[in-house]
Amino acid sequence: MEETVINEAQYLNTDLQVVKRDGRRVSFSDQKIEAAILKATRESDVDLKKGSVELAALMSSINEEIADRFHQDIKIYEVQNIVEHALLEAGFTNLAERYIDYRTKRDIDRSKMTDINFTIQKLLHKDKTVVNENANKDSEVFNTQRDLTAGTVAKAMGLKMMPQQVANAHLKGDIHYHDLDYHPYSPLTNCCLIDFAGMLRDGFKIGNADVESPRSIQTATAQMAQIIANVASSQYGGCSADRIDQFLAPYAELNYQKHLKDAKEWIDLPERQKEFAYKKTKKDIYDAMQSLEYEINTLYSSQGQTPFTTLGFGLGESWIEREIQKAILKVRIKGLGKEHRTAIFPKLIFTLKRGTNLNPDDPNYDVKQLALECSTKRMYPDILSYDKIVELTGSFKVPMGCRSFLQGWWDEDGNEVNAGRMNLGVVTLNVPRIALEAHGDINRFWDILEERLKIVKDALVYRIKRVKEAHPANAPILYEYGAFGKRLTREDSVDELFKNKRATVSLGYIGLYEAATAFYGPNWEHNKEAKAFTVGIVKSLKDHADDWGNEYGYHFSVYSTPSESLTDRFCRLDTEKFGKIPDITDKEYYTNSFHYDVRKKPTPFEKIDFEKDYPQYCSGGFIHYCEYPIMRTNPKALEAVWDFAYDRIGYLGTNTPIDHCYECGYDGEFLPTEVGFKCPDCGNHDPRTCDVVKRTCGYLGNPQARPMVHGRHVEIASRVKHMDGEKDEKPETKGMAQ
């Protein structure tokens, strides 16, 4: 019962320490006791109200007994026994029963989460918290079912493996230990920047095949697809290709030289020879990039899903690099298959850079125009602002997966290294819960935050410890054959690739909007004191993370969590604990990270200007989104937002309706219904004849394309509204040319 809301009154001032079940010590607070009693009254017939004489007398009796009997520390079960005795002595028999029932239920719930038989039964009964946790996993497919089964067992085992205080905090909802279906049961790493350049240059091995350096761009992209499939099966997070236009260019150059050699054999005029080689190479580049897109979208990793893949491009200025950039965009605009459906993967990230492609007089401005067209039609590419990314993270690179950024890092020889680095996992803090527990007391908020961060630190240190227990032989593609850059022997420690801050491990957070609402009300965005409070929270997280990094020698980063299911989980648990609280839990979701309240419908410019102050303190992971109406006929409006964002934020995603009905030709946003997403014009909801694409968790998802249990479409549609995609930010282009 100790984990309930704290009330205003302080009845007992003491230095008494409460010893928790997991051995931790926390400061005694009789406010927690009062709140627990009030919570129990909601489930009984006792009319005991906050501020009443009866409650004050009851608390006085409890505090008097505790003060008489305990002076240094008190065990949690001793507190609870005293409360039960006081309730019975006061004649509140029914209330005492409710109090005891709640305690027993919490103990049973904790036990069930580590009971493999119970968790498997949840999977067999298709509990939505299990089968719907990942929007890009189809739980009807055999290999996904196998992965879900293995993950269910791994979660139960993982909770038993980790420190007890960490497991308890995760189960209660104080924190979230991410990816429990893979880690810590297995010492897997999270997301990474694959060192494609090194692997293609130096060769690698997959299975029984020693793969040599490719001699054409077609072979290079085919090898990339194989690398992606194997890397995705050896870790649990997304994988990214940084500067794909630049590292593929040498292989396209081999195509050009081959075609030029052929041309010289049959064509006399040098200019015609070059023209022939140019056209043939241009076609090769397009075919290679189209093949890569199809390869990625038809891959299945051992996790039962398409690998979460990100391609970064836009900085190359040679003709070959430009052609690779344009081919990536043209392939995406064309779409997949005869119906030209929107490709879900790879995620595309186009880099804007002043002097390269930002302004009309820049050499690659035409490629920017193609990127704008692509984004209005397919939502991707997202954009990176080159100068801002360097300012925020210390060097330029695309994120690992959807948003996890590495900080600038140089090896012992002074060489900057980005490709081949990785993340070791994430633990996310439930910030709104801390605000609710503080109940209007700012000082108490900071005290509770300090207590919770101790648990987060324990969790992150354990993640590092566990992943260091892997051996190179466990994942040869990562450790021995170059995906992680430096190649290890089987006798080496994998820690060689993690220590000295080469890898990151991430402190996530969620719900700055709700935390500020608890103190300043729901419309605080223009309140300077409230804004400073939220910035101060993220700054405090960064200060702690920096201290931990200096203590342990690993890079602890602050990460704006991609909260695909966590927006729901934390809010659901806090609703059970605190009830329906206006503008906080009654919404049935928490706002992701530092994002502007989606219900306020800000313009893109307002949203960007509000959010720009946070990423300097959470540069280990961040992204901004803006919502638009249909933009196909107005790419200039989108360009205005991109240009406005360039000097303000580092990473911007586009949300615009791109659903399509093949029955009536409708383009726009489908409606969520019990039978699936439905065309608003003709009512079509057949996934075979419509293309529904939503942004979920930083990536795109196609919830319509696979079979679902009754009502799941509506459930997913509701979640899509409030997770990273922020799909109810209705049109933020208000006032812009349409």
Angle between the chain longest axis and helix 528-552 axis [Cα atoms, degrees, rounded to 10] = 80
Could you please rank 64, 321, placing first whichever residue has the fewest other Cβ atoms within 10 Å of its Cβ?
-> 64, 321
Residue 318 versus residue 339, label points 7 Å from Cα toward the beta carbon: distance in nm?
-> 4.1
Report which label in [x] 30.4, 101; [y] 36.1, 106; [z] 27.5, 107 holds the value of Rg and Dmax of the Cα atoms in Å derived from the coordinates of this structure.
-> [z]
Trypsin sites (Lys or Arg not before Pro) within segment 300-384, DSSP loop, no more than 14 other Cβ atoms inside 10 Å = 338, 354
Here the gain from full extension of residue 471 to residue 26, 0.36 nm per residue of separation minus their alpha-carbon distance, amounts to 156.4 nm
Reference-scaled alpha-carbon Rg (2.2 N^0.38 Å with N residues) for segment 530-659 | 1.22
Among the lysines in segment 17-111, how many pairs, 8 or more places apart or on different chains, have alpha carbons under 13 Å apart?
-> 4
Rounded to one decimal in nm, the spacing of the 7 Å Cα→Cβ label points at residue 572 and residue 157 is 2.5
Based on the mean of other beta carbon atoms within 10 Å per residue, what is the order of 204-214, 678-688, most packed first?
-> 678-688, 204-214
Between helix 53-69 and the chain: long-axis angle, C-alpha atoms, 0 to 90°, nearest 10 = 90
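Only loop residues by DSSP count here, and only those with at most 14 other Cβ atoms within 10 Å; note down the GluC sites (Glu not before Pro) in segment 455-507 that meet that. Write down the numbers at each step before the final one.
On the way: sites: 469, 480, 491, 496; in loops: 469, 480, 491.
Those that pass, being in a loop and sparsely packed, are 469, 491.
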Given a cut-off of under 8 Å on Cα pairs at least six residues apart, what relative contact order in percent is computed for the chain?
-> 12
For the chain, give the share of DSSP beta bridges that are antiparallel, in percent and rounded to the nearest 5; count only bridges with both residues there.
-> 45
Just report the Cα centroid separation between segment 417-494 and segment 536-596, whole Å.
-> 15
Please list the radius of gyration and Dmax for segment 17-111, considering alpha-carbon atoms only, with Å as the unit.
-> 13.2, 38
The answer for chymotrypsin sites (Phe, Trp or Tyr not before Pro) in segment 290-392 that fall in a DSSP coil and have at most 10 neighbouring Cβ atoms within 10 Å is none
Just how large is the dipole of segment 17-111 about the Cα centre, in debye to the nearest 20, putting +1 at every Lys and Arg Cβ and -1 at every Asp and Glu Cβ?
-> 560
Value of [θ]222 nm, deg cm²/dmol, for the chain, DSSP H segments ≥ 4, -39500 (n - 2.57) each, nearest 500 = -14500 deg cm²/dmol
Assuming R0 = 25 Å, what is the FRET efficiency of residue 19 and residue 446, from their Cβ-Cβ distance, to the nearest 0.05?
-> 0.60
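Each reported figure results from applying straightforward, stated rules to the coordinates on display, with no laboratory input. Remember, predicted model here, so these are calculated numbers, not experimental data. A quick note on method: Cβ atoms are made from the backbone with ideal geometry, for glycine too, and the neighbour counts reach across all protein chains shown.
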